[in-house]
Amino acid sequence: MSSENKIYFYPLWLRIWHGINALGIILLIITGISMNSGFEKSFISFKLIITVHNYAGVIVTLNYLVYLFGNLFTSNKKFYIVKPKNFLKRPMKQAYYYAWGMFHGMQAPYPLSEKRKFNPLQKYTYIAVMYLVVPMVIVSGIGLMFPELIFNKIYNISGVLITAVTHSAMGFFISIFLLIHLYIASIGKSPVDNFRSIINGWHHITKK
Amino acid sequence: MKVFLSILLFLSCFTFATRTMAQYYDDPKNHDCLKCHSQQTYSFHNDMMDTEQKRLMNPYLIIDTIQLRNGVHHNFDCTDCHSYEYTTYPHTATLKLEPLSTCLDCHGGDESYAKYEFEKVQEEFQKSIHYKVYGDNFTCAKCHNQHYYAPAARNSSSVVEIVEYSNKMCLSCHNDMKRFSLVSGETKPTVVAIHDWLPNQELHFQHVRCIECHTVVVDSLMVSHNILSKENALRRCAECHSANSMLKASLYKYQNLQERAEDGSVLGMLSNENYVIGSHQIPALKILSLIIFFAALAGIIIHLTFRIIIKKK
């Protein structure tokens with residue numbers, strides 16, 4: 001295996017951010033589901049679950065700032081730029097590759113390189129999750145921590161209820177994202193190769 | 001003659017009918033009892049002194065004629081229940097000792113009152129703290145004034161009105177030291193002080209009946225009569241503030257702010273133990289989320305299966 005086939009994709013700050021984010025979000029999902037499930041008796045106390053959720057929420061929120069500033073001040077931001085040309089065709093092509101092409105000897109339509117860290121479908125998903133869903137979960141989470149900030153009523157529906165529903169619905173989307181994210185990460189040179197990359201920073205690429 | 005008798009009979013029937021239809025209390029000033037008992041003062045001729053005298057009426061013996069006319073028992077005259085001898089004045093001393101009818105004397109075992117379940121009420125009442133402390137002396141009348149009784153919970157559609165009517169019964173003693181000491185023999189701090197722990201006390205008192213927390217609820221009875229001792233009263237806010245999401249939301253806000261007021265530090269804020277259920281409060285969203293989750297899972301499993309099959313080839 002020559003080093004030419006490897007690119008240093010993930011700088012240290014990004015790996016640290018990703019690691020904290022991953023652990024934090026996993027904790028948030030587990031504790032979030034516990035709170036919604038209504039099981040008051042589990043192997044850890046219900047009160048502890050709430051406290052863990054609060055702490056993890058604050059850590060993930062602060063960590064989100066690392067991501068935001070990291071993308072603002074480093075070259076990492078260029079990977080998130082969306083090309084208007086073939087705006088829908090490009091992710092569709094990638095989806096077609098995942099659903100059909102990869103089983104029929106098709107080459108990945110958007111192989112990763114120094115210039116392209118994410119395929120179009122991946123890019124769109126990350127933008128939606130990181131710049132829409134996560135901010136919403138953070139804002140609604142802050143609302144629930146400081147309920148005096150929430151409107152009392154919006155069209156006769158309790159503001160706390162709307163905020164809580166938004167918070168858990170967005171949390172749910174993040175869980176689904178995580179599930180698919182982890183699965184697609186297993187589609188690499190070997191099933192564990194991409195997981196190794198996000199830890200050591202080096203990504204294997206296939207050169208034509 | 002025959003015709004005359006028929007007319008007389010007809011007239012007497014008519015007058016009897018109008019008499020029963022009429023209100024005994026339409027004209028209190030000319031009513032034998034109410035001419036004194038609806039007034040602050042009363043006058044009588046003192047035979048012994050041979051003088052006209054005017055005296056103050058004992059306030060506990062003054063009848064509110066408007067409430068009386070609106071009560072369920074308005075078609076009974078005073079002497080239907082009280083001794084006819086009360087029509088003379090001064091009333092004989094021994095009259096005070098005569099037994100008065102209890103509710104069950106008339107309402108017990110009567111088919112036409114079956115829906116009110118008087119026997120069941122009695123049974124529940126006998127388990128209550130009122131009966132345990134005061135026994136048979138604690139009559140229905142201690143709470144339900146027979147003179148004015150109106151079935152507010154059945155007839156009124158206004159919650160505030162029902163609550164006010166119901167709570168007035170409790171407060172007539174529990175907020176009145178004189179009447180309270182009649183049963184308990186002790187004086188107590190006022191209701192407001194006892195319920196100091198209750199947030200938004202005034203609002204609660206206006207919208208929640210005392211019996212909501214202070215009785216054991218029996219589904220078959222419209223109004224529970226098993227009043228509990230204060231140690232057994234409910235103090236669990238979540239009993240009400242969880243079933244209904246609106247109530248739950250207001251409690252969440254209150255508790256959260258309350259806890260922060262006690263410990264405003266960052267750590268205190270993070271250890272805030274309040275939580276509110278989100279989308280799982282709404283069954284449709286719960287089902288939708290499960291569908292999305294299992295669809296995603298199924299997609300992954302199918303995809304994975306194909307990957308394994310292809311790899312083996």
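Numbers for the structure displayed
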{"item": "Set A:I154, A:I162, A:I187: member being of a type in the set (V, I, T), more than 29 Å from A:G57 (Cβ to Cβ) and at pLDDT below 90", "result": "A:I187"}
{"item": "Counted residues, the range A:86-97 - those being surrounded by fewer than 16 Cβ atoms within 10 Å (Cβ to Cβ) and either at pLDDT 85 or above or within 18 Å of the chain's Cα centre (by Cα) (or both)", "result": "6"}
{"item": "Residue check for B:D77: farther than 16 Å from B:H144 by Cα and either outside the structural domain of B:V216 (by TED's automatic domain parsing) or over 19 Å from the mean Cα position of the chain (by Cα) (or both)", "result": "yes"}
{"item": "Residues of the range B:72-89 satisfying the condition of being in contact (Cβ under 8 Å) with a residue 24 or more places away in the chain, under 21 Å from B:S43 (Cβ atoms) and surrounded by fewer than 14 Cβ atoms within 10 Å (Cβ to Cβ)", "result": "B:T87, B:Y89"}
{"item": "Residue within the range A:102-122 that is modelled with pLDDT of 90 or more, surrounded by 14 or more Cβ atoms within 10 Å (Cβ to Cβ), within 12 Å of the chain's Cα centre (by Cα) and closer than 28 Å to B:L297 by Cβ present", "result": "yes"}
{"item": "Residue in the range B:258-268 that is more than 44 Å from the chain's Cα centre (by Cα), modelled with pLDDT under 90 and either in a helix (DSSP H, G or I) or in the same structural domain as B:N200 (by TED's automatic domain parsing) (or both) present", "result": "yes"}
{"item": "Selection within the range B:195-213 - assigned to a helix (DSSP H, G or I) and surrounded by 13 or more Cβ atoms within 10 Å (Cβ to Cβ)", "result": "B:H195, B:Q201, B:H204, B:F205, B:Q206, B:H207, B:C210, B:I211, B:E212, B:C213"}
{"item": "Any hit, the range B:101-111, residues being under 29 Å from B:H45 (Cβ atoms), part of a helix (DSSP H, G or I) and either among the acidic types (D, E) or not assigned by TED's automatic domain parsing to the domain that holds B:D176 (or both)", "result": "no"}
{"item": "Condition met for B:K168 (of a type in the set (K, R) and either closer than 30 Å to B:T79 by Cβ or modelled with pLDDT of 80 or more (or both))", "result": "yes"}
{"item": "Odd one out for A:V134 among (1) surrounded by 18 or more Cβ atoms within 10 Å (Cβ to Cβ); (2) within 13 Å of chain B (Cβ to nearest Cβ)", "result": "(2)"}
{"item": "Residue under evaluation A:S190, criteria (1) exposed (fewer than 15 other Cβ atoms within 10 Å of the Cβ); (2) away from every other protein chain (no Cβ under 14 Å), criterion not met", "result": "(2)"}
{"item": "Among residues of the range A:95-120, those that are part of a helix (DSSP H, G or I) and either free of Cβ contacts under 8 Å to residues at least 24 places away in the same chain or within 14 Å of another protein chain (Cβ to nearest Cβ) (or both), counted", "result": "8"}
{"item": "From the options A:I138, A:I150, A:I154, residue that is touching a residue at least 40 places away in the same chain (Cβ under 8 Å) and not polar (S, T, N, Q)", "result": "A:I138"}
{"item": "Residues of the range B:152-165 satisfying the condition of being loosely packed, with under 14 Cβ neighbours inside 10 Å and at pLDDT 80 or above", "result": "B:E161"}
{"item": "Selection count where residues are more than 10 Å from chain B (Cβ to nearest Cβ) and assigned to a helix (DSSP H, G or I), scope the range A:137-166", "result": "7"}
{"item": "Sole residue being under 18 Å from the mean Cα position of the chain (by Cα) and at pLDDT 90 or above, chosen from A:I81, A:I127", "result": "A:I127"}
{"item": "Leading residue by the ranking (surrounded by the most Cβ atoms within 10 Å (Cβ to Cβ)) among those in the range B:123-151 that are aromatic (F, W, Y) and over 27 Å from B:H74 (Cβ atoms)", "result": "B:Y131"}
{"item": "Set A:L144, A:L178, A:L182, A:L149: member being in contact with a helix residue (DSSP H, G or I) (Cβ under 8 Å, 6 or more places away or on another chain) and either β-branched (V, I, T) or under 21 Å from A:W17 (Cα atoms) (or both)", "result": "A:L178"}
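One line per residue, one yes/no per condition, for (1) modelled with pLDDT under 80; (2) part of a loop (DSSP other than H, G, I, E, B):
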site: B:F180; (1), (2): no, no
site: B:K188; (1), (2): yes, yes
site: B:A193; (1), (2): no, no
site: B:V218; (1), (2): yes, yes
site: B:S224; (1), (2): yes, yes
site: B:S242; (1), (2): yes, yes
site: B:Y252; (1), (2): yes, no
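Let's see how each residue does on (1) surrounded by fewer than 12 Cβ atoms within 10 Å (Cβ to Cβ); (2) in contact (Cβ under 8 Å) with a residue 40 or more places away in the chain:
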position	(1), (2)
B:C33	no, yes
B:S38	no, no
B:L56	yes, no
B:D64	no, yes
B:N70	no, yes
B:T94	yes, no
B:L97	yes, no
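Rundown of residues vs (1) assigned to a loop (DSSP other than H, G, I, E, B); (2) under 19 Å from B:V216 (Cβ atoms); (3) among the hydrophobic types (A, V, I, L, M, F, W, C), yes/no style:
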{"residue": "B:K127", "(1), (2), (3)": "yes, yes, no"}
{"residue": "B:H130", "(1), (2), (3)": "no, yes, no"}
{"residue": "B:N145", "(1), (2), (3)": "yes, no, no"}
{"residue": "B:Y148", "(1), (2), (3)": "yes, no, no"}
{"residue": "B:R154", "(1), (2), (3)": "no, no, no"}
{"residue": "B:S157", "(1), (2), (3)": "yes, no, no"}
{"residue": "B:V160", "(1), (2), (3)": "no, no, yes"}
{"residue": "B:Y165", "(1), (2), (3)": "no, no, no"}
{"residue": "B:M169", "(1), (2), (3)": "no, yes, yes"}
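The values are calculated or read from the model by the stated rules, or taken from the named source; none is laboratory data. Treat the numbers as computed from the prediction; the structure is a model and nothing was measured. Every residue, glycine among them, receives a Cβ derived from its backbone with ideal geometry; neighbour counts consider all protein chains shown.
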